[in-house]
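The values are calculated or read from the model by the stated rules, or taken from the named source; none is laboratory data. Note that the structure is predicted; figures quoted are calculated from it, not measured. FYI the Cβ positions are ideal-geometry reconstructions off the backbone, even for glycines, and counts take in every protein chain you see.
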Amino acid sequence: MAVNETYIGIQDEPLQDRGWGAVAIDLIRRQPLGAAGGLIVILMIFAAVFAEQIDMYDPEVNDFGAMLQAPSLDHIFGTDEFGRDIYSRIVHGARTAMLVGFTAAILGSTIGLLIGVTSAYFGGWVDNIVQRVVDVLIAFPSIILALAIVIILGRGVGPVIVAITIPLIPNCARVVRSSALAIREIPYVDAARAMGFGHVRIVLRHISPNIMAPYLIMLTTFLGQAILAEASLSYLGLGVQEPTPAWGLMLKSGAEEYAESAPWAVIFPGIAISLAVFGFNLFGDAMRDVLDPKLRDR
Amino acid sequence: MSAAEDMVEEDSLAEAEPLLRVEGLKMHFPVTDGLFLKHTVGLVKAVDGVSFTIAPGETLGLVGESGCGKTTVGRCILRLEQPTAGKVIFSGVDIAGMKTSEMSDLRQDVQVIFQDPFSSLNPRMKIGSIISEAMRVHGIIKDATERRERVSELLRICGLNPRFADRYPHEMSGGQRQRVGIARALSVNPKFIVCDEAVSALDVSIQAQIINLLEDLQKQFNFSYLFIAHDLSVVRHLCHRVAVMYLGKIVELADCDELFDNPKHPYTRALLSAVPVPDPEIEAARSHQILEGEVPSPINPPSGCVFHPRCPQAIETCKRDIPELQEFTPGHMLACPVVPRE
């Protein structure tokens, strides 16, 4: 490089990319609620991943010598009507909840994102048809729609994920479409068209990444919603089946018969569900604020 | 370059086969009404029969007030809009009627620099990938290392530190972003660049830098520019020829100096008289020609000459006859039958 070359706005110190540690400290300082949510999320994921390591008993083995025991040192959250350890079942239930919650939320918001952006990008009759289909799907209460899908597809984890995902898609598609309509008119999209890029590239590389804020909001609300929906389906007996541990299932068997005589059988799964939904919602709000590059340095 | 070579270039400029020929370009936007059954209730005649040519290495200025359709002309040439009628012949090929899929190769020859440097760069992409994306996608440079070098070179050509390749647009100033926009346009080796108000959003000192950059690049790579602007002093400095638009039509087209020194059309005269003179005494002494009224709606333009309701020289026939753009003196096109010939 020649010595006499001059540049506009030369800045010699390299631009520092902030490490994850700095981001985490920032998060705690500026978003204490979000950090608390994050802690709950990490706890849930940890429980889901290391369920075998941190449980105290096999969650699926009955022990008829220890039925409906109150919380004690042997069973810190007590036991259910089959003598199964409630703590171990909650830990393994976290796995079911996280698996269904994350898969359904990510699938639902991502498919919704693609449908919403495509609909807005092409406009015209494509947009019209997609949006009318979305209208129809939104008109169904999502739990009714999920029930119908479970009845068609049968029970088990896979069908439950599909049943929870499909009602999420139109919500996300609607929100994303309105953002994408605005993005479509911005000159960098015109620049991409002038470069001769294909529709797929423009949708995936130029429009979608700029809708990350609403996408993340939808994704994180969906996490809480999906966990709640899984619990509801299991509670109604249409979701995950016994003896697989799931919070909704535990709530069902506990609430129906033992709410007065053995309240621990219903209180602890209830706390697990509310804590998970609460934590994911708090975390989602905070993550949105921190990850948006335009808000970052203010 | 010596004076003799300069002369040769000037001559060949006039003689050469035009790079771009626009013939009778029309862009009418339908105004629709109705919730389910859309029906057209009117047409916005944004561009209504525009013709001009641009030679290789030439800069054509396109001026006019807001809403006269100058940006739409640019968008039609870029095929960001599908023209209603007319031809856009680029290098001998009519691109107005082409399907989008057939356009791909030609698109790289025609590039664009936008007005607003803050919205013309994708905020989620680093400068390096903004500039290299087209080279990668179209396989202009297949090797990643070579591509990075080319990005550095392009940034350097546009007067930016090659280090900027690793930054995001929001870390840069308006002038720097506009340079990135220019580097992106250059990345596909275009022959023709539409500058859509390319300097209007920048402050005056940055404007001067960008204008000089555009001029240097033209000398170096022999681009043609369509320079859309409303700032007449910038146009006078940069352009070889200038076309004046009013309500979707070209009213006057001439060599730059000829147009500024010897404007014929009443609208051009009024437009030029609105340019302030940087000397308070002359400015106070000179007479201004101020137009009455507002620009009429392009949905329902006036009959005959679209300028007649505001024209100080209008006569009865102006309300009836639509004036054609005709040669007034050699090289000076005019769409006004009233102006007397010398």
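Figures for the structure shown
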quantity	calculated
Selection status of A:Val134, farther than 24 Å from A:Leu238 by Cα, touching a helix residue (DSSP H, G or I) at 6+ places or on another chain (Cβ under 7 Å) and either crowded, with 19+ Cβ neighbours inside 10 Å or among the charged types (D, E, K, R) (or both)	yes
Count of residues meeting criterion [more than 11 Å from every other protein chain (Cβ to nearest Cβ), touching a Gly at 6+ places or on another chain (Cβ under 8 Å) and without any contact (Cβ under 8 Å) to a residue 60 or more places away in the chain] in the range B:80-104	0
Residues (within 29 Å of B:Asp203 (Cβ to Cβ) and more than 11 Å from chain A (Cβ to nearest Cβ)) located in the range B:133-152	B:Val151
Residue within the range B:139-153 that is closer than 27 Å to B:Leu20 by Cα, modelled with pLDDT under 90 and in a helix (DSSP H, G or I) present	no
Where A:Leu216 falls short, out of the listed (1) within 14 Å of chain B (Cβ to nearest Cβ); (2) within 30 Å of B:Thr100 (Cβ to Cβ)	(2)
Verdict on B:Thr329 being touching a strand residue (DSSP E or B) at 6+ places or on another chain (Cβ under 9 Å) and at pLDDT 85 or above	yes
Flag if A:Arg18 is at pLDDT 60 or above, away from chain B (no Cβ under 13 Å) and outside any helix (DSSP H, G or I)	yes
Filter pass, B:Arg107 being facing chain A (nearest Cβ under 7 Å), surrounded by fewer than 21 Cβ atoms within 10 Å (Cβ to Cβ) and among the basic types (Lys, Arg)	no
Per-region count, the range B:163-196, residues in contact (Cβ under 8 Å) with a residue 40 or more places away in the chain, among the polar types (S, T, N, Q) and farther than 17 Å from A:Tyr188 by Cβ	1
Any pair with Cβ under 8 angstrom, 6 or more apart, that starts in the range B:197-222 at a residue that is on the phi > 0 side of the Ramachandran plot and ends at one that is in a helix (DSSP H, G or I) and surrounded by 14 or more Cβ atoms within 10 Å (Cβ to Cβ)	B:Glu197/B:Thr71
Answer residue from the range B:124-138, given it is outside any helix (DSSP H, G or I) and modelled with pLDDT of 90 or more and is farthest from A:Glu185 (Cα to Cα) among those	B:Lys126
Some residue of the range B:41-56 being under 29 Å from A:Asn210 (Cβ atoms) and either assigned to a helix (DSSP H, G or I) or within 14 Å of chain A (Cβ to nearest Cβ) (or both)	no
Per-region count, the range A:57-87, residues over 21 Å from A:Glu256 (Cα atoms) and touching a residue at least 40 places away in the same chain (Cβ under 8 Å)	0
Yes/no for A:Gly196 being facing chain B (nearest Cβ under 9 Å) and modelled with pLDDT under 90	yes
Helices (runs of 4 or more DSSP H) wholly inside the range B:158-263 that include at least 1 residues being away from every other protein chain (no Cβ under 14 Å) and among the aromatic types (Phe, Trp, Tyr)	B:204-221, B:256-261
Tally, over the range A:173-193, of residues that are away from chain B (no Cβ under 12 Å), surrounded by 20 or more Cβ atoms within 10 Å (Cβ to Cβ) and of a type in the set (Gly, Ala, Ser)	3
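Residue by residue, here is whether (1) farther than 25 Å from A:Ile143 by Cβ; (2) in contact with a Leu (Cβ under 7 Å, 6 or more places away or on another chain); (3) in a helix (DSSP H, G or I) holds:
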| residue | (1), (2), (3) |
| --- | --- |
| A:Met56 | yes, no, no |
| A:Asp63 | yes, no, no |
| A:Met67 | yes, no, no |
| A:Ser72 | yes, no, no |
| A:Arg89 | no, no, yes |
| A:Ala94 | no, no, yes |
| A:Gly101 | no, yes, yes |
